[in-house]
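**Q** Okay, handing you the structure first.
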Amino acid sequence: MSRCRVDTSIERVVVGGFEFPLGAYPIEPIEPSEGYTTHFESADGGEDDAVLGDGWEEWPDRYVWDVVIRAGRVEAFWRSLAAHLPGRFFPILDVLGNDAYRENDPYVADELVSLERFMEGLRRFKSFLFEDGLVGFGAMSDEPFFYIFVDEHKVVTIRAEASLKEKVEAVLDAFDLRPVEKLASVDSVMHEHRSVLDAPEDRPDLLTPDEVIEELRDLWTLTLNVDDEANNDENGSPLGITPFRCLVRLLGPAADVKYIDVFLTADCLRTAWTLAMDAAEDLYQRESEKAARAAGKPRGGEDPKTRPGQTGGRVGGRLGRAGLGDDPADSPDEPIDIDVIHADRVKIEDFAGMVPDGRGKNLPMDSSRVIATQWLE
């Protein structure tokens, strides 16, 4: 099974006995200390929109704790808090992504996930989740309302309804954490973020950050929690049509995987997803038919594509020599899953250098269309 490994050449920054995360460290003087702040949020405060976006029911009255704790104790603190989660809840993942107009990629599960399934991801990728400076993670339940989030600085935020207040405070007390007027954490001063994973090219069993996120997205049923019908920057200003670079995954019946880069222009994320899936299917069909002709075998009938979700789809047939499977004519009607893994907006000036064969140069941003596709080795 693929796994992730921390780069052992990275030295942990320690100031006055306070251990910072390997992936987030100060670059100016700081006097860090453990502790927490707390305040109360009313149900009508609209704070849920700021955290998880639209589409969620209004959160109830809740207490909020922001907690700074040494890096070596974050995992134990998390597990103590997670003991008060119900058996099924919504995982959360927040990633410092590659979108040119959005700093973070916020992912939230689109269905309740079991504690066992969540802990499987935590067990496999705990070094990434608890140390990497490019990712935050957490969990949320509706009944009872309980929200735990470890951000990219490994500062822990807890939101809980009144019935859980004593339990949260008992955990804080068990870790000898005391209230403070102001937190002193890595994000209190100038600091830097870095990924901590070691994934050399000669070790395909060791995952890169993008590959870990892809696996967690599948395991925790995560979807990108942004407005997919608008194309705005982080300030809410409309951008109109922008270039996108999309990574599309094709998964065969024998778990064979192949990826396609799709370069396109689109007026929103939903359009980009649709264009990317259609382009990937078209490329797959062309290569499959080409391989079938080369083998001298006619292709069978194909099932029409269906889209069970926002980014998933299925087409009949098997990918030929450029992609999945050994012989596309052997099982012409076996399904292929198509999924858009990333759809990142790109600056126009950067897009020109990304698109193969110079097809990204001098493009008018006047319509949504596919510019180029290519297989990734």
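The values are calculated or read from the model by the stated rules, or taken from the named source; none is laboratory data. Keep in mind it's a predicted model, so treat the numbers as computed, not measured. Don't worry about glycine lacking a Cβ; one is built from the backbone with ideal geometry, like all the others, and counts go over all protein chains shown.
**Q** Can you tell me which residues in the range 186-220 are hydroxyl-bearing (Ser, Thr, Tyr) and either in contact (Cβ under 8 Å) with a residue 12 or more places away in the chain or in contact with a Gly (Cβ under 9 Å, 6 or more places away or on another chain) (or both)? Talk me through it step by step, then tell me what you get.
**A** Of the range 186-220, the ones hydroxyl-bearing (Ser, Thr, Tyr) are 188, 195, 208.
Residues satisfying the conditions are Ser188, Ser195.
**Q** Return yes or no: is Val108 within 14 Å of the chain's Cα centre (by Cα), more than 25 Å from Arg194 (Cβ to Cβ) and in the same structural domain as Pro32 (by TED's automatic domain parsing)?
**A** It is true that Val108 is within 14 Å of the chain's Cα centre (by Cα), more than 25 Å from Arg194 (Cβ to Cβ) and in the same structural domain as Pro32 (by TED's automatic domain parsing).
**Q** Checking Phe263 against (1) of a type outside the set (D, E, K, R); (2) surrounded by fewer than 20 Cβ atoms within 10 Å (Cβ to Cβ); (3) in the same structural domain as Asn362 (by TED's automatic domain parsing); (4) closer than 24 Å to Lys361 by Cα, which test does it fail?
**A** Looking at each condition in turn, Phe263 falls short on (2).
**Q** Further question on the same structure: Let me spell it out: the conditions are (1) buried (at least 19 other Cβ atoms within 10 Å of the Cβ); (2) outside the structural domain of Ile92 (by TED's automatic domain parsing), and Val150 meets all of them except one. Which number is the exception?
**A** It is condition (2) that Val150 fails.
**Q** For the range 97-114: of the residues being outside any loop (DSSP other than H, G, I, E, B), in contact (Cβ under 8 Å) with a residue 60 or more places away in the chain and in contact with a Lys or Arg (Cβ under 9 Å, 6 or more places away or on another chain), which is nearest to Asp142 (Cα to Cα)?
**A** The extreme case among them is Val113.
**Q** So how many residues does the range 122-153 have that are in a helix (DSSP H, G or I) and in contact (Cβ under 8 Å) with a residue 40 or more places away in the chain?
**A** Number of matching residues: 6.
**Q** Which one of these does Ser367 not meet: (1) surrounded by fewer than 20 Cβ atoms within 10 Å (Cβ to Cβ); (2) modelled with pLDDT of 95 or more; (3) assigned to a strand (DSSP E or B)?
**A** (3)
**Q** Among the listed residues Ala160, Ala184, Ala170, Ala139, which satisfies the condition of being at negative phi, exposed (fewer than 15 other Cβ atoms within 10 Å of the Cβ) and in the same structural domain as Ala71 (by TED's automatic domain parsing)?
**A** Numbers: Ala160 fails: exposed (fewer than 15 other Cβ atoms within 10 Å of the Cβ); Ala184 fails: exposed (fewer than 15 other Cβ atoms within 10 Å of the Cβ); Ala139 fails: exposed (fewer than 15 other Cβ atoms within 10 Å of the Cβ).
The conditions single out Ala170.
**Q** Of everything in the range 58-82, what is free of Cβ contacts under 8 Å to residues at least 24 places away in the same chain and more than 17 Å from Phe137 (Cβ to Cβ)? Give them in sequence order.
**A** If the condition is that a residue be free of Cβ contacts under 8 Å to residues at least 24 places away in the same chain and more than 17 Å from Phe137 (Cβ to Cβ), then Glu58 is the only one that fits.
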